[in-house]
Amino acid sequence: MTMGIAEATRRLLSWLRQGWDEPCDGTWVLDRSNPPAADSDAVEWPWRHRWDHLPMHSAGVGFSGRDYDAARERAEEIARLTLGDDVWTRVRRDGYLDLPSSRFPGVTYRLRVGRRIEVRCAPGVRPPWRYPFLCINPTYPLPEAEFFAHLVLYVRDNEDALIRVAAPQPWDQRLGRTF
């Protein structure tokens, strides 16, 4: 039985949307619903789901007020441990963290919890982007403080990835997939 191009394309796209998982034994399994081991019920697998249906600033149906509070509390701890006590205290006090670009002399990224990245240039320095804000949203919902820690690490250690995925924007606003 032969399959038409449209049907083959549909099946291929469906197959690709499922995603790849690599079990510990090194074999490849095509299955997004691999259940975690029985002793790892607390492990989250958010990349195995689609999040496009959720309203902005939401973690989804069934996420209670207690769940939000616990997630935000864990996120604060993650940010503090990732950045260090002094830096996290300064961010909480000042509301931002300025990190110099390693790629563009005279450019500084101003990171703020839950907001777009502001691109600031020294006098006489031409901005690398047309607009002064960079928008990067997480793939799945995260607490703002946790995603902030991710962004700090990207700017500091992997600016090329930031440059590749950031969408320049003319105005500032809250990030969409954070809560």
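Read the figures in this text as sums done on the coordinates, not as results from a lab. For clarity, every value in this text was computed on a predicted model and none was experimentally measured. All Cβ positions, even for glycine, are placed from backbone atoms using ideal geometry, and neighbour counts span all protein chains on display.
What to note about this one:
- Residues SER64, SER101, SER58 arranged by fewest to most Cβ contacts within 10 Å: SER64, SER58, SER101
- Pairwise label distance in nanometres, HIS150 with ALA70, each label 7 Å out on the Cα-Cβ vector: 2.1 nm
- Taking other C-beta atoms within 10 angstrom as a stand-in for reagent exposure, ILE5, ILE163 fall in the order ILE5, ILE163, fewest first.
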